[in-house]
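The values are calculated or read from the model by the stated rules, or taken from the named source; none is laboratory data. Remember, it's a predicted structure, so these values are computed and weren't measured experimentally. Cβ placement follows ideal geometry from the backbone for every residue including glycine, while neighbour counts extend to all protein chains displayed. With ligands, DNA and RNA removed, areas are computed over all heavy atoms of the protein, side chains included. Shrake-Rupley method; radii C 1.70, N 1.55, O 1.52, S 1.80 Å.
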Amino acid sequence: MEKRCDLHSHSTCSDGTLKPAELVALAEKLGLSALALTDHNTTDGLKEFMEAGKNSTVITVPGCEFTTEWHKKEVHIVGLFFREENWKEVDDFLELANLAKINSNEKLIKKLSEAGYEITFEEVADLAGNDLFNRSHVARVLMKKGYVETTTAAFNTLLKEGNGFYVPAKRITSAAAVRFIKTWGATAIVAHPLLNLTPEELREFLPEMKEAGLDAMETEYTEFTPEMKKTAVSLAEEFSLKQSGGSDYHGAAKPWIELGKGRGNLFVPFSFYEDMKACSDYDE
């Protein structure tokens, strides 16, 4: 049987519900050969994650998912294979973006509260474990209090950009994130590209990112339809990019997604792990 991996997952250090070590244990139980932790805009979970990997059959990959902007559109860039000596530098790079995120969170909670929704910054931060919470944490609190039936409903109404409550934080540019990832000798990947950009936009975006040092794009992804996957593979080949992929696992926050398998039919071959490592200077 061909070995499989998952190069995109989240823990409690961003908006997932499993601790980093629990992710490793689950990956081993499911028979994955490699797993990347790619929490949003932080390396906080990597120490626990990599320690857990020392006693596991699963190869653990230290990563981070950067929230960036290109032409006023939110684009996520995944960095894989960060050496431990660079983790602090990654967090320093993200510090200003994280401060802007906290400010955005404060404004969101204030607007919701003023509109009559009984929600506080402290209770959402408590759920998330830190001040750098995401809208998914706000959605879970709103659902718990009965304001919405599901987190998806929250995103489609109260938390939708342009509906008056949520104003996104100022983000770093996609090219800047790619350049910094390559400065650290890591691998730079466009995450779930067709969720954020159209094929036409990607044909403008990808050459700019290639110039900045982009290595790959995700072609295997939980929410991709067969047609989207076909388009992603075609674009990767057109622009001579390697292919990556992952479930974008968040645990109970997105219960329909299974680690390593997405909605059930995701398959990220181990060769993707090998290709991503080869794009980096990682030697551990």
Potential extension, Glu237-Met1 segment - 0.36 nm per residue separation minus Cα distance: 82.3 nm
Checking region 19-71 for trypsin sites (Lys or Arg not before Pro) in a loop per DSSP with at most 14 other beta-carbon atoms within 10 Å yields Lys54
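Taking region 107-189, how much of its Cα-Cα pair set, in percent, is spaced more than 21 angstrom apart?
Numbers: 1332 of 3403 pairs.
It works out to 39 percent of all Cα pairs.
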Scattering from the C-alpha atoms of the chain alone, worked out with Debye: what is log10 I(q)/I(0) at q = 0.07, 0.14 1/Å? -0.24, -1.01
Would you work out what percent of the accessible area of the chain, with all protein chains in place, is carbon or sulfur (probe 1.4 Å)? 50
At what distance in nm do the modelled label points of Lys110 and Lys210 sit from each other, each positioned 7 Å from its Cα along Cα→Cβ? 4.5
Determine the shape class of region 165-284: with a ≥ b ≥ c the square roots of the Cα gyration tensor eigenvalues, call it rounded for a/c under 1.5, and otherwise prolate if a/b is greater than b/c, oblate otherwise. rounded
Principal axes of region 1-120: Cα extent on each, largest first, Å: 54, 30, 25
Phe267 versus Glu284: modelled label distance in nm, points set 7 Å from Cα along the beta carbon direction: 3.2
